Amino acid sequence: MNDQMVKVILLAAVLMLVALFGDFVYLFALSFPVLMFAWMFLGALRNGSIGSGYKASLISVLVVWLGGFVTMNLMDTAAEPSVYIGGFPVATAIMVYVVWILPFILGTYAYGYFFEKDCITKEELKTLENKFRKES
Amino acid sequence: MNTIITIAVIYLIGVFAIGIWAMRRTKTSEDFFIAGKSLGIFVAAMAVFATALSGFLFIGGPGLTYSVGMGALWFTFPTSISFAMAWYILGKRMRLLTDATGAMTVADAVYYRFKSRAASGLTGVATLVGIVVFLGTQVLALGTIIAYIFPAISVTQGVIIGMTIVALYSAAGGILAGTYTSVFQGSIMAVGSFLVFILTLTTGDGLTNITQTIATQPFTDMGTAMPEFVGPWGLVGPMVAMSWFFALSIGIVGQPHVVSRLYMIKDVNKLKWGPAVAAVPAILGGLLFFGVGLVMRYLVMTGEIAPLANPDDAILVFLTEFTPPVLAGIVLAGVAAAIMSTCDAFINIASAAAVRDLPRAFGKKLSDKKQLVYGRIAVVTISVITVVTVLQMGDDGIALLGAVGWGTFAAALAPVLGLGLNWKRATKEGAIASIIVGLVSSVGFEILATIGVYELPNGIYIGALSMVLSLIAFIAVSFATKQEQLDEVMETVMDA
């Protein structure tokens with residue numbers, strides 16, 4: 001699983017490189033969120049697998065990023081806006097309230113919420129600490 | 001101005017008091033470099049926040065928003081998730097690694113992971129290079145703020161005074177002093193940011209009025225209406241804006257002043273709410289970032305103030321003209337705080353690189369007592385070198401250095417740490433290739449552009465490109481070279 005995630009990172013990085021030099025905005029908008037997602041996913045893997053809470057959390061963040069960046073690119077931001085949501089034109093509201101704030105709940109808050117289930121349990125930590133103590 | 005000066009003096013007395021308190025608690029090199037692994041959730045998270053967000057958030061950020069609009073915000077928007085990225089990717093493994101091996105620096109982690117003095121030494125070199133290029137900008141900004149608060153003091157004198165203060169409390173109390181001053185400083189930054197944001201909304205009669213005015217009226221200093229100014233990409237365009245978001249978010253994994261804090265957390269369970277606690281004040285800082293930038297543009301468009309000659313004056317003009325003196329004093333102290341907390345973390349890490357990482361690269365290891373003594377000497381030496389460099393190079397040279405700061409760390413260190421600690425197939429050859437590619441591309445492209453030899457096409461952000469190249473080099477070279485067997489400790493840490 002770790003090797004597969006690294007291959008995803010490599011593929012996304014190559015696509016980003018192509019997008020940067022070819023000025024392919026949509027390719028960039030699709031590839032860099034995938035790279036960031038795969039890297040976080042790799043970090044959340046434990047011995048090759050991932051807890052369901054972290055998995056759902058990270059996939060949600062990916063969906064927000066992909067949806068947000070592609071949608072913002074599709075919108076005409078040079079036209080005078082007629083609708084304002086929460087103080088901003090629609091595309092900017094997506095930027096502020098979806099791409100900026102929502103990942104705080106889906107990714108950052110979720111890290112703490114699922115920590116003891118998906119990151120490390122107290123028993124696992126005690127076992128590890130005992131092992132390190134013995135070895136040192 | 002008297003109120004502002006009074007608040008600034010009280011603030012400096014507070015910083016010194018924390019330095020003296022921390023000095024009494026600093027007895028070993030572990031205390032000096034990683035705060036004796038004693039930090040709770042709140043202290044660690046606030047220190048991470050204060051360290052990660054430099055003076056750019058308060059000075060450069062509002063100025064950039066004033067110049068290019070909402071697109072500037074991709075510099076600050078990563079904060080809602082970037083701390084979690086560092087925690088997901090490195091948190092548990094780095095914290096376990098220090099329990100298992102006694103690792104204290106980023107180069108230590110690389111050494112224990114790859115068993116390579118070359119990879120570890122190169123990490124130390126990349127750390128020092130990154131710090132030199134980053135610290136200069138911080139120190140210059142600190143001198144500017146001190147000169148603004150105390151009109152009788154020049155910027156040069158401000159640089160010397162500011163650096164002396166930081167060096168004194170860093171040499172005395174090491175990272176412990178730096179950490180607790182960061183908590184104090186971070187709290188000021190967060191509260192001040194929120195209050196200023198509220199004031200910007202009041203000054204501009206609400207956010208919708210501000211954005212609508214900017215979107216519909218001709219720019220007095222640019223001649224035409226530009227609705228895209230308040231669009232998601234501002235005037236910089238989507239590719240550049242998205243590149244900023246990429247490099248500033250995942251790039252946090254390579255920032256030694258941020259990730260080395262993970263070693264300092266009391267126990268692994270204390271990692272739990274760290275990113276959430278760090279993200280809240282960072283988000284509040286983001287409110288100030290765009291609030292001040294937008295309202296200053298609004299005030300120019302409505303004729304209430306003249307166009308700014310220097311966009312970086314946006315925050316200072318707003319504080320002077322539209323903010324009660326007490327709040328202005330608190331925010332200016334917050335600006336100085338942001339800069340100082342980043343400076344002290346940089347100095348401490350550079351000191352650790354000098355007394356731990358580089359000697360090991362040459363096969364030497366200093367005793368704990370010597371590390372503590374030489375660490376303090378290194379703090380003073382690095383501070384003096386930084387001041388001399390800043391005064392010699394002047395504004396233009398420092399601006400060049402600042403441009404490559406975050407990107408250099410991200411490109412040279414993020415893959416080697418972020419993939420190295422999570423991917424067993426990674427090899428030391430991959431690590432070495434990645435650090436070299438990251439350093440050379442980050443610094444090289446910047447120099448080529450500055451001397452006019454080659455400029456990247458499509459407005460490519462050098463930090464983003466360099467990190468992509470470094471990642472590709474790391475993975476490709478690792479796949480192309482022979483995997484080495486991990487020792488049992490490293491295997492356990494990476495499986496956990």
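The values are calculated or read from the model by the stated rules, or taken from the named source; none is laboratory data. Remember, it's a predicted structure, so these values are computed and weren't measured experimentally. Quick reminder, even Gly has a Cβ in these numbers, built from the backbone with ideal geometry, and neighbours come from all protein chains shown. The accessibility values were calculated without ligands, DNA or RNA, using every heavy atom of the protein model including side chains. Shrake-Rupley method; radii C 1.70, N 1.55, O 1.52, S 1.80 Å.
Exactly one residue among A:M5, A:M1 is open to solvent by 10 Å² or more (accessible area, probe 1.4 Å), more than 7 Å from chain B (Cβ to nearest Cβ) and in contact with a strand residue (DSSP E or B) (Cβ under 7 Å, 6 or more places away or on another chain), and that residue is A:M1.
Summed over the stretch B:221-244, residues that are in contact with a Gly (Cβ under 9 Å, 6 or more places away or on another chain), facing chain A (nearest Cβ under 7 Å) and open to solvent by 10 Å² or more (accessible area, probe 1.4 Å) total 4. Considering only residues in the stretch A:74-119 that are of a type in the set (S, T, N, Q) and either part of a helix (DSSP H, G or I) or under 16 Å from the mean Cα position of the chain (by Cα) (or both), the one that is nearest to B:M85 (Cα to Cα) turns out to be A:T108. Give me the residue from the stretch A:114-136 that is within 17 Å of A:G43 (Cβ to Cβ) and not charged (D, E, K, R) and, out of that set, nearest to the other protein chains (Cβ to nearest Cβ). Filtering first and then ranking leaves A:F115. Of the residues in the stretch B:468-480, at least one is surrounded by fewer than 21 Cβ atoms within 10 Å (Cβ to Cβ) and more than 10 Å from every other protein chain (Cβ to nearest Cβ). Of all residue pairs spaced 6 or more apart or on separate chains, those with beta-carbon atoms under 7 Å, a first member in the stretch B:407-425 that is surrounded by 24 or more Cβ atoms within 10 Å (Cβ to Cβ) and a second member that is of a type in the set (D, E, K, R) and assigned to a helix (DSSP H, G or I) are B:G420/B:R113; B:L421/B:R93; B:L421/B:R113. Any residue that is more than 7 Å from chain A (Cβ to nearest Cβ), among the hydroxyl-bearing types (S, T, Y) and within 29 Å of B:S351 (Cα to Cα) - is there at least one of those in the stretch B:281-303? No; the residues of the stretch B:281-303 include none that is more than 7 Å from chain A (Cβ to nearest Cβ), among the hydroxyl-bearing types (S, T, Y) and within 29 Å of B:S351 (Cα to Cα).
If you go through the stretch A:58-86 and pick out every residue that is of a type in the set (S, T, Y) and under 14 Å from A:V99 (Cα atoms), you end up with 2. Here B:A464 qualifies as modelled with pLDDT under 95, within 10 Å of chain A (Cβ to nearest Cβ) and either surrounded by 22 or more Cβ atoms within 10 Å (Cβ to Cβ) or under 21 Å from the mean Cα position of the chain (by Cα) (or both). Summed over the stretch B:202-220, residues that are more than 19 Å from A:V90 (Cα to Cα) and open to solvent by less than 50 Å² (accessible area, probe 1.4 Å) total 3.
Of the residues making up the stretch A:37-69, those that are outside any helix (DSSP H, G or I) and either more than 9 Å from every other protein chain (Cβ to nearest Cβ) or within 11 Å of the chain's Cα centre (by Cα) (or both) are A:S49, A:I50, A:G51.
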